[in-house]
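Since every read-out is calculated from the coordinates, none of them should be taken as a lab result. Predicted, not measured: the structure shown is a model, and the values here were computed from it. FYI the Cβ positions are ideal-geometry reconstructions off the backbone, even for glycines, and counts take in every protein chain you see.
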Amino acid sequence: MKLYFTPGACSMAPHIALREAGLAYELQKVDLSKHQTDTGEDYYKINPKGYVPALRLDNGELLTEVAAILQYVADQKPASGLSPTAGTMEHYRLIEWLNFIASEIHKQFGPMFNPKITPEWRQNQLNALSRRFDYLSERLAGNQYLFSGKFTIADAYLFTVLNWTGFLDIDLGKWPKLKDYMARIAARPAVKEAMREEGLVK
């Protein structure tokens, strides 16, 4: 499998999952400002959507969208425990979390990377994120991970998007449970290796 990624972008979530699952993969770096891979390929010809992540499967097919790729990776190694068994209530809870992270957290961060964002617009996004952070803090009270008592692909995704608070100078001091959660996930060997491969840590 080949993962098309941009360092620190949402593609880091499936990168972490691939590491956690112990699956073989290649990395292909993408410069999203030029929509070009580091080997000079036109990324639009690889993924017409133009953004990461994209996963080239061993059969040649291309899979896109974070949640879909995460579930695919987890399904390749059921013994990893990255996803509950399909058809169980726990699995639907995982899907619930993946959708919440995608629509209510990931997408709230998006506009804040726009250099033309106004102070008012930025504050609006911060207000929305603040409410989401309150909710996450409540859910993490007494829990190491989002649910089921162990690390899942939902944690890989949440860690990835919360990591953007550092790039965007958003202080998590008001949410100590989130800070503890971030530190806990960052300490996982697979997460360290994925971040090292992306050049985010030494």
Loop trypsin sites (Lys or Arg not before Pro), region 88-139 (other Cβ atoms within 10 Å of the site Cβ: 14 or fewer; DSSP)
K116
At what distance in angstrom do the alpha carbon centres of region 30-79 and region 134-202 lie from each other?
23
To the nearest 20 Debye, how big is the dipole of the chain about its Cα centre, given +1 on the beta carbon of each Lys and Arg and -1 on that of each Asp and Glu?
380
On the principal axes of its Cα set, how long, how wide and how thick is region 143-194? Give whole Å, largest value first.
29, 24, 16
Spelling out what I want: for every residue of region 178-187, take phi, set θ = phi - 60°, compute 6.51 cos²θ - 1.76 cosθ + 1.60 (Karplus), and round to whole Hz; glycine and proline get x.
5, 4, 5, 4, 4, 5, 5, 5, 4, 7
Alpha-carbon Rg with Dmax, taken over the chain, Å
16.6, 48
Neighbour-count ranking for E96, E120 (other C-beta within 10 angstrom, fewest to most) reads E120, E96
In range of the label at E61: residues from region 68-93 whose backbone nitrogen is under 16 Å from the point 7 Å along Cα→Cβ
68-77
Could you state the number of Å between the C-alpha centres of region 103-119 and region 1-27?
23
Please list the three semi-axes, largest first and in whole Å, of the ellipsoid equivalent to region 112-202, using sqrt of 5 times the eigenvalues of its alpha carbon gyration tensor.
24, 19, 10
What distance in nm separates the simple spin-label points at R122 and D42, each placed 7 Å from Cα in the Cβ direction?
3.6
